[in-house]
């Protein structure tokens, strides 16, 4: 059983099973007033988690709850610490209201980057409602189930030298170095990801963003996993420089079949882990 709530920029598809999917970076919408200050709308959308909503569109059929924001991460990144503290101290990353792309390109024209007042306004208008929705759905599901798995869905280009060396593994499981989820669940997901031709790492370059770190409280019945996918696993990704002429590439349902099959087993394992606690 599912029901759906849709706001102007936030959609919530409610399921009854103990599994919550969050999609914080699939949006491409730019709010009023932001575009004139941008270097280009394409750069503002460049680092979206392209087509992840389509890759996981089977989740509703499993009874999962799905929360998605339609906003571009350039407006606000709802998977960053709202205090501004870096999730990866000493490593390149982007901010709550990003001012550069992953490749280091400026997103705003000189003098137009958001200041403290604008960042606070965006946090109030978008970050806080998004996380109120996540918290409310966790509470709703926890009222019905002994435990809940929060699964945070992400993807990223396979080569971004500013962020990591070489080619990123296909599956990047993040559990905040083991603190956001049971090692039993992590091991189940690792085994599934390791059974085919895809590569996998756990708590490598990506250990989980704000969502996994903030909500993952195994002792309180909430186990949080971040899954960062390398884009080449499900679309025809250019492995060199990308530009408006070659990025993003269209979603290729046929190419995505093998990775999608693994992800279906991953989500079923999450459900099996949660329901075993009944």
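The values are calculated or read from the model by the stated rules, or taken from the named source; none is laboratory data. This structure is a prediction, so every number in the text was calculated from the model and none was measured. Quick reminder, even Gly has a Cβ in these numbers, built from the backbone with ideal geometry, and neighbours come from all protein chains shown.
Quick notes on this structure:
- The residues of region 35-49 include none that are part of a loop (DSSP other than H, G, I, E, B) and either modelled with pLDDT under 95 or touching a helix residue (DSSP H, G or I) at 6+ places or on another chain (Cβ under 7 Å) (or both).
One line per residue, one yes/no per condition, for (1) surrounded by fewer than 22 Cβ atoms within 10 Å (Cβ to Cβ); (2) farther than 21 Å from residue 44 by Cβ:
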{"position": "197", "(1), (2)": "yes, yes"}
{"position": "217", "(1), (2)": "yes, yes"}
{"position": "233", "(1), (2)": "no, yes"}
{"position": "236", "(1), (2)": "yes, yes"}
{"position": "249", "(1), (2)": "yes, no"}
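- Filtering region 75-96 for residues that are surrounded by fewer than 17 Cβ atoms within 10 Å (Cβ to Cβ), more than 18 Å from residue 156 (Cβ to Cβ) and in contact with a strand residue (DSSP E or B) (Cβ under 7 Å, 6 or more places away or on another chain) leaves an empty set.
- Qualifying residue in region 82-93 (condition: touching a residue at least 60 places away in the same chain (Cβ under 8 Å) and touching a helix residue (DSSP H, G or I) at 6+ places or on another chain (Cβ under 9 Å)): yes
Here is a yes/no grid of residues against (1) touching a strand residue (DSSP E or B) at 6+ places or on another chain (Cβ under 8 Å); (2) farther than 20 Å from residue 47 by Cα; (3) surrounded by 19 or more Cβ atoms within 10 Å (Cβ to Cβ); (4) modelled with pLDDT under 95:
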position	(1), (2), (3), (4)
202	yes, yes, yes, no
210	no, no, yes, no
230	yes, no, yes, no
243	no, no, no, no
256	no, no, no, no
261	no, yes, no, no
274	yes, yes, yes, no
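- Residue check: residue 26 meets all listed conditions (1) at pLDDT 95 or above; (2) out of contact with any helix residue (DSSP H, G or I) (no Cβ under 6 Å at 6 or more places or on another chain); (3) under 26 Å from residue 240 (Cα atoms); (4) surrounded by 17 or more Cβ atoms within 10 Å (Cβ to Cβ) but one, namely (2).
- Residue among 162, 205, 213 that alone is part of a helix (DSSP H, G or I), within 19 Å of residue 79 (Cβ to Cβ) and in contact (Cβ under 8 Å) with a residue 40 or more places away in the chain: 213
- Unique residue being touching a residue at least 60 places away in the same chain (Cβ under 8 Å) and in a helix (DSSP H, G or I) when the list is 262, 242: 262
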